[in-house]
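First comes the structure, then the notes that go with it.
The values are calculated or read from the model by the stated rules, or taken from the named source; none is laboratory data. It should be emphasised that the depicted structure is a prediction, and the values quoted were computed from it without experimental measurement. FYI the Cβ positions are ideal-geometry reconstructions off the backbone, even for glycines, and counts take in every protein chain you see.
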Amino acid sequence: MECGLPTSTGRRSRSPIGSRKPSTVRGHGRPVLRSGEPLNQQRHQRGRPDAAPRAVLRPSHPGPRGPPEAHAGHVGLPRGHVGRGAAGPVDPGLRLRRLRGAAPGQVLGERSRCRVPRLAGRRGEDLNDGDVSNVDQARAVIVGGGVAGASIAYHLTDLGWTDVVLAERSDLTSGSTFHSAGLVGQLRSSVSLTRMMMYSVELYRRLKAETGVDPGWHEVGSLRLASSAERIEELQRLAGWGRTFGLPLAIVSTEEALERFPLFDPEGVLGAAHLPTDGYVDPSGLTMALAEGARRRGCRILTGARITGIDIHDGLVRGVTFDGRDPIRTDVVVDAGGIFANQLGRMAGVEVPVVPFAHQYLLTEPIDGVHPALPTLRDPDRLVYFRAEAGGGLVAGGYEREPAPWAWDEQGPSAGFNNELLPADWPRFEPLAEGCFGVIPAMQSAGVVRMINGPEAFTPDGEFILGASDIGGFFVAAGFCAHGIAGAGGVGKVMAEWITRGRPELDVWKMDFRRFGRHYRSRTYARDRASEVYATYYDIHYPGEERRAGRPLKMAPTYARLADLGAEFGEKAGWERPNWFATNQDERFEELRPRGWAGRHWSTAIPAEHLATRERAGLFDETSFAKIEVSGPDACPFLQRICANDVDVPPGRVVYTQLLNERGGIESDLTATRLDPRRYLLITGTAFGNHDLAWIRGQARPADDVDVRDVTSSLACLALWGPRARDILTSATPADLSNETFPYMSQQDIVVGDVPCLALRVTYVGELGWELYPPMEFGLKLWDILLEAGRPLGMVPAGYRAIDSLRLEKGYRAWGADITPEETPLEAGLGFAVKLDKGEFTGRDAVRQAAATDPGKRLSCLVLADPRSVALGNEPVFADGEVVGRVTSGGVGYTVGKSIAFAYLPTDLAWGGSSLAVEVFGERVDAEVAADPLFDPTGDRIRS
């Protein structure tokens, strides 16, 4: 059990289906990081989310949690003591001197070779049966002998790829693995990541019996403390989320938590979450067990084998070269290089945006009451974690508000940084130390054996980096954000499936290497984004919350104009996008504010913009949408082969379609507009352009005469929707916009004012309207023309939060939430967009087979009894007290006046009238399956 849950997020699904859920901008009780600026000192304080930032040398909590006498003196440690006295802080210089003096020998050089026996690495020769010096070819070469590389080798050999080499520049575990704290928490921020963690636990349980090597797995459970009402709400949400996986997560009282971990101070603690199947593992032991399993199936392990180059020919991997040994011929290279991942990536011509951060924790001397069966403990309000250490001591660390990126620039870590630690940084650790002492008072009198300070690779969005690159045969598995030990089993399984089968079983788009745009090539941008991820690791992440680092970066031509209109900007894939406009706020709608978390980042402008679009018209800037041009003599047959719908239509027609994988799962959800016999324009979601571009290019065969180009930056996009849309646009163009001349799902080239536009009559909100695509340089002019034309008819500028509520009540799906590569169009209610009789296409056989049987589940529309209780995504759905599904996305439909949620349900419950319940923050709210869509089910308005 680790971080809090995000809301469901999806992509913009095209007419007539769905959208990626937009979100608001402001954080709550969180630090703000702007490009080039350090994080401020603000902390999420117990019961004081609005408290002013504290000075860095004060405790990271409002005050002691125990009786005054327990905190009257300074914290007792060998050779000195430090702490906050009852009368206030002591002299900062004295405090730091005493804290540094707590552990003899901790004044380290620029680097410090690890001398802690339990952390020492091992050489690969110990694992090989014979001489490996003459290895000159392999089916795959995995670069990096940490836990990820060993797990990939284990799983590749398990799938039958026995001719595998695991190459490590130094000793196994000598990078970040050897100094990891080893905590394993299963419940994470996404379905797929949670499943990966659960698989890891299953694997760690059996490794010793399978390999004969003890991974040091301790299934002691975990406790996550809550000391504020907000944190209790987070735990309630976690409990519901865990139930959808069958995890035995329970909310327990403070007293029950103390029975399991008697050492923590209960003062101010309101409760805890307990997950008995969590635990911790010895990172080095785990790596050795995985490596042994791989070796037994044929993997050859090379240590002291530093890679100097990756041979690329015609965009394909052909081999690797080494320092001091002969090259190895191979068609597959896996970059599992940890903090060196970007340097390895550059050898193949790709940028891997990992940023190393110095991460610290203490190893204490034995403490009375510490034993191996203690659960791991996290107190996110104090930013700290704990686990028992061999011999009766504690591991105690955390995630400070002022992170320390290390070797993050163009050069990266030096080649000689192997099996080493960084100097102890006591001033930076002091706030965490005080948090530790506040949680576990016994640490005040315990000696410190050692401060461990080692680099851990983080990513700009806090998700792993996994999968294929644009170079054929070059894969990446890196950026594990300090929970790579917990995820190692799942990472190895996913990567092995990706390499051997072309795709993993799970939907791992959030972790897909190709999600990053070109702007992540900037090391300062990647550093700033990753710094914010690290500093807010333990924060409560509320729905609609926006990260601030590195913004603004990508801006539409209208950006300044939107700002003048009071736009509250969100960010998606680097693009600034208006979530709503302050000028549309209307206090009459305050009574509609959703309860709890859903109402935190919300504005009365959202229902105002929603209703204005339904009743009159809304003007939306959608320039950030990804735009892909497919052209060439084979453009039509190529798209016919990869699209589920029939795209062999006359020029000027728009087709809504999915792109399926071989299993029939939905890889992409977009519109294809045929511009001329040899050219199509595909429109897809802002954050998924890289994914779709890679997927489409990956389907091309050598004989296909087709060109696939990203043209996102060439075209702006403004959408005009609402019952008055035709009247408004007619006043600005001589084009005939009648149904007879310009029908629904068609395209024409028109001129609006003086602006040439590609006009698509499509809808995303369930209303009459057009999307207008002018050349980018005309975007601002077009906005001004339309705004002036629409004002007299009551049109308003509107944002993405209104779009999301409009699409919900119209029943439009959101890719990444409601539809994913794990669901078929039939399960998602999109069978109308599949043409099984058009000829062969990817996924056709799987869909045809599914059509002949009961799919087992179906995406359904639920209406909650309380219109202000809003499901945010991932909540459990109950029938007769049993979990039968999980919410994929939810929100309020302001026209129908209902709280709406989508969820996959067993087919016998998926039809109108079924009575269910949705658990919203621990409370079960009655719900009913409703006919989908709730608004305009006949579609008359979009064709009016």
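Looking only at the stretch 545-590, filter to residues that are among the hydroxyl-bearing types (Ser, Thr, Tyr) and out of contact with any helix residue (DSSP H, G or I) (no Cβ under 7 Å at 6 or more places or on another chain); which one of those is nearest to ALA626 (Cα to Cα)? Before the answer, list the steps.
Of the residues in the stretch 545-590, the ones among the hydroxyl-bearing types (Ser, Thr, Tyr) are 558-559, 583.
Going one step further and asking which of them are out of contact with any helix residue (DSSP H, G or I) (no Cβ under 7 Å at 6 or more places or on another chain), we end up with 559, 583.
Values: TYR559: 18, THR583: 28 Å.
Filtering first and then ranking leaves TYR559.
ASP158 passes all but one of (1) modelled with pLDDT of 95 or more; (2) buried (at least 24 other Cβ atoms within 10 Å of the Cβ); which number fails?
So the condition that ASP158 fails would be (2).
For the stretch 554-607: of the residues being of a type in the set (S, T, N, Q) and touching a strand residue (DSSP E or B) at 6+ places or on another chain (Cβ under 6 Å), which is surrounded by the most Cβ atoms within 10 Å (Cβ to Cβ)? Full working, then the answer.
Restricting attention to the stretch 554-607, the residues satisfying the condition of being of a type in the set (S, T, N, Q) are 558, 579, 583-585, 603-604.
Filter once more, so that each one left must be touching a strand residue (DSSP E or B) at 6+ places or on another chain (Cβ under 6 Å): 558, 579, 584, 603.
Details: THR558: 25, ASN579: 29, ASN584: 23, SER603: 24.
Filtering the stretch 554-607 for residues that are of a type in the set (S, T, N, Q) and touching a strand residue (DSSP E or B) at 6+ places or on another chain (Cβ under 6 Å), the one surrounded by the most Cβ atoms within 10 Å (Cβ to Cβ) comes out as ASN579.
For a quick check of your reading of the model, give me the residue pairs whose first member lies in the stretch 508-536 and is closer than 14 Å to ARG548 by Cα, whose second is among the basic types (Lys, Arg), with beta-carbon atoms closer than 6 Å and at least 6 apart or on different chains.
GLU532/ARG547; ALA535/ARG401; THR536/ARG30
Any idea how many residues of the stretch 868-898 are without any contact (Cβ under 8 Å) to a residue 40 or more places away in the chain and closer than 23 Å to ALA802 by Cβ?
Selection size over the stretch 868-898: 1.
Can you find, within the stretch 855-914, the residue that is farthest from ALA828 (Cα to Cα) among those that are in a strand (DSSP E or B) and of a type in the set (Ser, Thr, Tyr)? Explain how you work it out, then say what you get.
Taking the stretch 855-914 and keeping what is in a strand (DSSP E or B), we get 857-864, 876-879, 882-893, 898-906.
Within this subset, residues satisfying the condition of being of a type in the set (Ser, Thr, Tyr) are 860, 888-889, 899, 904.
Numbers: SER860: 8, THR888: 11, SER889: 13, SER899: 20, TYR904: 8 Å.
Among them, the one singled out is SER899.
Checking the condition over 21 Å from the mean Cα position of the chain (by Cα) and either in the same structural domain as ASP379 (by TED's automatic domain parsing) or not in a loop (DSSP other than H, G, I, E, B) (or both), which residue from ALA457, ALA442, ALA488 passes?
On the way: ALA457 fails: over 21 Å from the mean Cα position of the chain (by Cα); ALA488 fails: over 21 Å from the mean Cα position of the chain (by Cα).
From the options ALA457, ALA442, ALA488, the qualifying one is ALA442.
Quick one: what pairs do we get from the stretch 320-344, first residue assigned by TED's automatic domain parsing to the domain that holds ALA150, second surrounded by 22 or more Cβ atoms within 10 Å (Cβ to Cβ) and of a type in the set (D, E, K, R), C-beta under 6 Å, 6+ apart or different chains?
ALA341/ASP335; LEU344/ASP335
Looking at the stretch 698-724, which of its residues are within 24 Å of the chain's Cα centre (by Cα) and in a helix (DSSP H, G or I)? Before the answer, list the steps.
The initial filter retains those residues of the stretch 698-724 that are within 24 Å of the chain's Cα centre (by Cα), namely 698, 710, 712.
GLY698, THR712 - these are the residues of the stretch 698-724 that are within 24 Å of the chain's Cα centre (by Cα) and in a helix (DSSP H, G or I).
Quick one: in the stretch 660-681, which of the residues that are in contact with a helix residue (DSSP H, G or I) (Cβ under 6 Å, 6 or more places away or on another chain) and assigned to a loop (DSSP other than H, G, I, E, B) is surrounded by the most Cβ atoms within 10 Å (Cβ to Cβ)?
So, considering only residues that are in contact with a helix residue (DSSP H, G or I) (Cβ under 6 Å, 6 or more places away or on another chain) and assigned to a loop (DSSP other than H, G, I, E, B), the one surrounded by the most Cβ atoms within 10 Å (Cβ to Cβ) is GLY664.
In this structure, is ASP932 surrounded by fewer than 22 Cβ atoms within 10 Å (Cβ to Cβ), more than 32 Å from the chain's Cα centre (by Cα) and either part of a loop (DSSP other than H, G, I, E, B) or of a type in the set (A, V, I, L, M, F, W, C) (or both)?
So ASP932 does not fit the description; no.
Of the numbered conditions (1) closer than 20 Å to PHE178 by Cβ; (2) free of Cβ contacts under 8 Å to residues at least 12 places away in the same chain, HIS313 satisfies every one except a single condition; which is it?
Answer for HIS313: the failing condition is (1).
Can you name the condition, by its number, that ASP837 falls short on among (1) exposed (fewer than 15 other Cβ atoms within 10 Å of the Cβ); (2) not in a helix (DSSP H, G or I)?
ASP837 satisfies all of (1) exposed (fewer than 15 other Cβ atoms within 10 Å of the Cβ); (2) not in a helix (DSSP H, G or I) except (2).
Counting just the residues of the stretch 530-589 that are at pLDDT 95 or above and of a type in the set (Ser, Thr, Tyr), which one comes out nearest to LYS781 (Cα to Cα)?
Taking the candidates together, the pick is THR558.
Go through the stretch 631-652 and give me each residue that's of a type in the set (Val, Ile, Thr) and outside any helix (DSSP H, G or I).
Taking the stretch 631-652 first, the residues of a type in the set (Val, Ile, Thr) are 642, 647, 649.
Once the filter is applied, which keeps residues that are of a type in the set (Val, Ile, Thr) and outside any helix (DSSP H, G or I), the stretch 631-652 yields VAL647, VAL649.
Select from the stretch 735-754 the residues that are surrounded by fewer than 24 Cβ atoms within 10 Å (Cβ to Cβ) and either of a type in the set (Phe, Trp, Tyr) or outside any loop (DSSP other than H, G, I, E, B) (or both) and list them in ascending order. Can you show your working first?
Going through the stretch 735-754, the residues surrounded by fewer than 24 Cβ atoms within 10 Å (Cβ to Cβ) turn out to be 735-751, 753-754.
Listed by number, the residues that qualify are PHE742, TYR744, SER746, GLN747, GLN748, ASP749, ILE750, VAL751.
Give the stretch 784-802 a look and list any residue that's part of a helix (DSSP H, G or I), crowded, with 24+ Cβ neighbours inside 10 Å and not basic (Lys, Arg), or say none. Talk me through it step by step, then tell me what you get.
Taking the stretch 784-802 and keeping what is part of a helix (DSSP H, G or I), we get 784-793, 800-802.
Imposing the further condition that a residue be crowded, with 24+ Cβ neighbours inside 10 Å reduces the set to 786, 790, 800-802.
If the condition is that a residue be part of a helix (DSSP H, G or I), crowded, with 24+ Cβ neighbours inside 10 Å and not basic (Lys, Arg), then LEU786, GLY790, TYR800, ALA802 are the ones that fit.
Could you tell me whether ILE900 is under 25 Å from the mean Cα position of the chain (by Cα) and more than 24 Å from GLY246 (Cβ to Cβ)?
Spelling it out, ILE900 is indeed under 25 Å from the mean Cα position of the chain (by Cα) and more than 24 Å from GLY246 (Cβ to Cβ).
Starting from residues that are of a type in the set (Asp, Glu) and farther than 24 Å from ALA802 by Cα, keep the ones in the stretch 812-834 and report whichever is surrounded by the fewest Cβ atoms within 10 Å (Cβ to Cβ). It would help to see each step written out before you state the result.
Looking only at the stretch 812-834, we keep the residues that are of a type in the set (Asp, Glu), and these are 818, 822-823, 827.
Now narrow it down to the ones that are farther than 24 Å from ALA802 by Cα: 822-823, 827.
On the way: GLU822: 16, GLU823: 23, GLU827: 22.
Among them, the one singled out is GLU822.
For the stretch 627-639, check the following and say yes or no: at least one residue is over 23 Å from GLY769 (Cβ atoms), free of Cβ contacts under 8 Å to residues at least 40 places away in the same chain and touching a helix residue (DSSP H, G or I) at 6+ places or on another chain (Cβ under 7 Å).
no
Out of all the residues in the stretch 615-641, which are outside the structural domain of ASP676 (by TED's automatic domain parsing), crowded, with 22+ Cβ neighbours inside 10 Å and over 26 Å from the mean Cα position of the chain (by Cα)?
ALA617, GLY618, LEU619, PHE620, listed by residue number.
Given the stretch 540-626, what strands (runs of 3 or more DSSP E) lie entirely inside it while holding 3 or more residues that are touching a Lys or Arg at 6+ places or on another chain (Cβ under 6 Å) and on the phi < 0 side of the Ramachandran plot? Lay out the reasoning, then the answer.
Working: elements: 567-572, 575-581, 618-621.
Those strands (runs of 3 or more DSSP E) span 575-581.
Any residue at all in the stretch 784-798 that's farther than 24 Å from HIS610 by Cβ and of a type in the set (Gly, Ala, Ser)?
Among the residues of the stretch 784-798, not one is farther than 24 Å from HIS610 by Cβ and of a type in the set (Gly, Ala, Ser), which makes the answer no.
Filter the stretch 205-230 down to residues that are farther than 25 Å from VAL370 by Cβ and either surrounded by 18 or more Cβ atoms within 10 Å (Cβ to Cβ) or under 22 Å from the mean Cα position of the chain (by Cα) (or both), then give me how many there are.
Kept after step one, since they are farther than 25 Å from VAL370 by Cβ, are these residues of the stretch 205-230: 206-207, 209-213, 228-230.
If we keep only those that are either surrounded by 18 or more Cβ atoms within 10 Å (Cβ to Cβ) or under 22 Å from the mean Cα position of the chain (by Cα) (or both) too, we end up with 207, 211, 213, 228, 230.
Here the count works out to 5.
Kindly evaluate ALA732 against the criterion of being closer than 25 Å to ALA560 by Cα and in a loop (DSSP other than H, G, I, E, B). Full working, then the answer.
On the way: closer than 25 Å to ALA560 by Cα: yes; in a loop (DSSP other than H, G, I, E, B): yes.
Yes, satisfied.
Would you be able to tell me the number of residues in the stretch 414-445 that are among the aliphatic types (A, V, I, L, M) and modelled with pLDDT under 95? So that I can check it myself, show each step before the final result.
To start, the set of residues in the stretch 414-445 that are among the aliphatic types (A, V, I, L, M) comprises 415, 421-422, 424, 432-433, 439-440, 442-443.
Narrowing the set further to residues that are modelled with pLDDT under 95 leaves 415.
Residues in the stretch 414-445 being among the aliphatic types (A, V, I, L, M) and modelled with pLDDT under 95: 1 in total.
Just one of (1) buried (at least 21 other Cβ atoms within 10 Å of the Cβ); (2) within 22 Å of LEU258 (Cα to Cα); (3) touching a Leu at 6+ places or on another chain (Cβ under 7 Å) trips up ALA442, so point out which.
Every listed condition holds for ALA442 apart from (1).
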